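Asks: I'd like to ask you about the structure that follows.
The values are calculated or read from the model by the stated rules, or taken from the named source; none is laboratory data. As the structure is a computational prediction, the values presented were derived from the model and not from experiment. FYI the Cβ positions are ideal-geometry reconstructions off the backbone, even for glycines, and counts take in every protein chain you see. Calculation scope for accessible area: heavy atoms of the full protein, side chains included, ligands and nucleic acids excluded. Shrake-Rupley method; radii C 1.70, N 1.55, O 1.52, S 1.80 Å.
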Amino acid sequence: DVDFRFASYINNYMVLQKEPAGAVIWGYGNSGATVTVTLYQDLETIMEKVTNVKAHSNSWMVVLDPMKPGGPYEVMAQQTFGRTNFTLRVHDVLFGDVWLCSGQSNMQMTVSQIFNATRELSNTAAYQSVRIFSVSLTEAEQELEDLAKADLQWSKPTSENLGHGVFQYMSAVCWLFGRNLYDTLHYPIGLISSSWSGTPIEAWSSGRSLKACGVLARGFTQSDSVTGPSKNSVLWNAMIHPLHNMTLKGMIWYQGESNINFNRDLYNCTFPALIDDWRQTFHHGSQGQTERFFPFGFVQLSSYLSAASDDKFPQIRWHQTADFGYVPNLRMPNTFMAVAMDLCDRTSPYGSIHPRDKQTVAYRLHLGARAVAYGEKLIFQGPLPEKMELLADRGLLNLMYSQQIQVKRQDKIFEILCCGGHQCKWLAAPMGTFSAQTLALDVSSCRGTPTAVRYAWTTWPCEYKQCPLYHPSSALPAPPFIAFMTNPTPGDLHKLAE
């Protein structure tokens, strides 16, 4: 005799995905029994769906008709099995947009750990329609169908559940992102936090996507940047796959630090592969209700104080864009990115790798969501050069930008790869004159041939909100890039290299 129950995350206070998609309601019951799912508002029946419990899995599932945003509603499920009836109810259910938030510690940081925490924690009264849910930290060797457990069942936000401890319960980036969306959309938002600090992307990836990138099955990793579970797929199996029947609007992601010394050179494959695989799995799991190419936003790595002066951080930042330097792009359609390299935090009590300004991160992410997920016409990324010309005789490299630039400071943040006599080395290329959309670099220090240029290619490129280049009105920093001049159209950023 199987318990008749809803899936673990179907609960009071939940948010279900609004129109144009239909929300999925599912659970477990007795094989062959009939299940009737009814949606009520104030005792009035809005709709009724009938299904049977599947024999092999003992599970049942219905797709509700698309609903306008709002509520509250009550969902009732009734199982008829022979002459016995069982009834389940959940109340205070809202329809709106549901976003899943995942990653490592910078996603896991709670509101109590960020700047102005006290003020942020007290600011919940206006956001009672932004509902939060937090998945427990669990691992599994096989894909689970339902969550083993939740740290926080669907709840209205309070200072207690938002500020609960350090790196546990609700993600600050997730909460602040949802709050920004609510301020824009004015209808319910559901936020699911599922992240674990110190974890590499391999733990969050299915076997299929790792195989596609040539990541071999392997055991424990020795790397100081990996403190959480690192075995292939264990977090995908336990913390993401169990949610795949849910109808979602989109996802946001903040991860990468743990891949600095761990399959770093594969990240330009493993990250786009993860996005595609998650999209495919959620689309199928939700009976096609979650969009096949649902919006996927992510945070590009911020900065930290490191003794090593290597370019591992810049490489991960670059690989996070599949080596394009910007998103959306051909390999990463319908994605958006928040640049965070200027949000550094020297004195963070959690170490400089955990900057406390999560408000700006969430604000930049929500701009990307408004553009990519909600179709608003607005600037959501900083300026990138679209072409360049080398005036070798005058020792100048002119960069022409795709949008307006604001030069905040003249800095030695650009470098030129100077080649001559069978060797190449990176030299500083000081910023010279500039106009609304062009910037000249002084490359006269190169006695050989300039073959590439790069911007902000260090672990700590600039001080807090003081990078040299921004978009004037949106205050979005120019993202880091590397461009090779070997191709006839130097500014063709699509053909950029490693």
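Asks: For residues that are among the hydrophobic types (A, V, I, L, M, F, W, C) and crowded, with 19+ Cβ neighbours inside 10 Å, scanning just the stretch 297-319, find the one that is nearest to Trp99 (Cα to Cα).
Replies: The selected residue is Phe298.
Asks: What is the one condition in (1) free of Cβ contacts under 8 Å to residues at least 60 places away in the same chain; (2) closer than 28 Å to Met251 by Cβ; (3) open to solvent by less than 40 Å² (accessible area, probe 1.4 Å) that Asp65 does not satisfy?
Replies: (3)
Asks: Would you check if there is a residue in the stretch 242-261 being at pLDDT below 95, open to solvent by 40 Å² or more (accessible area, probe 1.4 Å) and either assigned to a loop (DSSP other than H, G, I, E, B) or not basic (Lys, Arg) (or both)?
Replies: Yes: one or more hits.
Asks: Restricting to the stretch 375-388, what's the tally of residues that are modelled with pLDDT of 95 or more, in contact with a strand residue (DSSP E or B) (Cβ under 9 Å, 6 or more places away or on another chain) and surrounded by fewer than 18 Cβ atoms within 10 Å (Cβ to Cβ)?
Replies: 0
Asks: Go through the residues of the stretch 121-133 one by one and say whether even a single one is assigned to a loop (DSSP other than H, G, I, E, B), buried (at least 19 other Cβ atoms within 10 Å of the Cβ) and within 17 Å of the chain's Cα centre (by Cα).
Replies: No: zero hits.
Asks: Select from the stretch 475-485 the residues that are open to solvent by 20 Å² or more (accessible area, probe 1.4 Å) and either in contact with a Lys or Arg (Cβ under 9 Å, 6 or more places away or on another chain) or modelled with pLDDT of 95 or more (or both) and list them in ascending order.
Replies: Matches in the stretch 475-485: Ala475, Phe484.
Asks: Here is a list: Asn52, Asn11. Which entry is at pLDDT 95 or above and either among the hydroxyl-bearing types (Ser, Thr, Tyr) or open to solvent by 50 Å² or more (accessible area, probe 1.4 Å) (or both)?
Replies: Step by step, each of Asn52, Asn11 is checked, and only Asn52 is at pLDDT 95 or above and either among the hydroxyl-bearing types (Ser, Thr, Tyr) or open to solvent by 50 Å² or more (accessible area, probe 1.4 Å) (or both).
Asks: What do you reckon, is Leu330 open to solvent by 10 Å² or more (accessible area, probe 1.4 Å) and of a type in the set (A, V, I, L, M)?
Replies: Answer is yes for this residue.
Asks: Quick check, is Ser435 open to solvent by 10 Å² or more (accessible area, probe 1.4 Å), more than 22 Å from Leu305 (Cβ to Cβ) and under 30 Å from the mean Cα position of the chain (by Cα)?
Replies: no
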